[in-house]
1. Between Glu38 and Ser129, how high is the FRET efficiency from 1/(1 + (r/R0)^6) when r is the Cβ-Cβ distance and R₀ = 30 Å? Nearest 0.05.
2. Checking the a/c ratio against 1.5 first, then a/b against b/c, what shape does the Cα gyration tensor give for the range 11-92?
3. Sort Ser53, Ser126, Ser5 from largest to smallest accessible area, using a 1.4 Å probe on the heavy atoms of the protein chains.
4. What are the ³J(HN,Hα) values, in whole Hz, obtained from phi via the Karplus relation 6.51 cos²θ - 1.76 cosθ + 1.60 with θ = phi - 60°, for each residue of the range 69-82 in sequence order, with x given for Gly and Pro?
5. Each residue of the range 18-33 in turn: what ³J(HN,Hα) in whole Hz from Karplus with 6.51, -1.76, 1.60 and θ = phi - 60°, glycine and Pro shown as x?
6. Extending each Cα 7 Å along its Cβ direction at Met1 and Lys72, get the distance between those two points in nm, one decimal.
7. Using a 1.4 Å probe on the protein heavy atoms only, what accessible surface does Leu69 show? Give it in Å² to the nearest 10.
8. Sort Ile15, Ile101 by accessible area with a 1.4 Å probe, largest first.
Amino acid sequence: MGLVSIDRRNGFAVISMNHPPVNAMSLELWSDLLDALEEVEGDESFRGAIFASGLKKNVYTAGIDLRELSRKKTNEKRLTKFWVTLTTFLAKVYRSRLFTIAAVRGQCPAGGCALALCCDYRILTSDGSIGLNETRIGIPVSSPDSFPAHIGHQFPPPLHATPR
């Protein structure tokens, strides 16, 4: 997990993305996020997971790394692995037994927005911005409203994890 770190805080795992300069969501970052979530899910001492940026810059993510979609930079096998890893991770966040929070500081387009939408809660700083900018250029995006039909219902956050 070279691009992600896990910090334990009072029963919560702070899963920080550390992919300078702007947390472009490459195959490696999605893979590390998936590994981190599976590690935290497997540890019953965790009640929740907070997804945050570990960068000093005021950016959550730059969204999907467009180089992953470039014909010059990828091949069919890598592209398939990219989309399978991305969708597997997002579905696991959405259906997690954990109380999930996206702690958004700064910019949060596209893939970062999808991650935030799959979490139980989203917290944005006053200068934060979030959105699905790919829709402006015609790339279709599934919304969490359609998830129950495809991956089942989201589990409600456990009551014992609710902040007081």
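The values are calculated or read from the model by the stated rules, or taken from the named source; none is laboratory data. Everything numeric here is computed off the predicted structure, so don't read it as measured data. Neighbour counts are summed over all protein chains in view; Cβ atoms, including those assigned to glycine, are modelled from backbone coordinates with ideal geometry. Keep in mind that these areas ignore ligands, DNA and RNA; they rest on the heavy atoms of the full protein, side chains included. Shrake-Rupley method; radii C 1.70, N 1.55, O 1.52, S 1.80 Å.
1. Efficiency computed from Cβ-Cβ geometry: 0.50.
2. oblate
3. The residues order as Ser126, Ser5, Ser53, largest area first.
4. Karplus-based 3J(HN,Hα) across the range 69-82 equals 9, 7, 4, 6, 9, 9, 9, 4, 4, 5, 4, 4, 4, 4 Hz.
5. Result, rounded to whole Hz: 10, 10, x, x, 9, 6, 4, 7, 7, 4, 5, 5, 4, 5, 5, 5.
6. Result: 3.5 nm between the two label points.
7. 70
8. Heavy-atom accessible area, descending, gives Ile101, Ile15.
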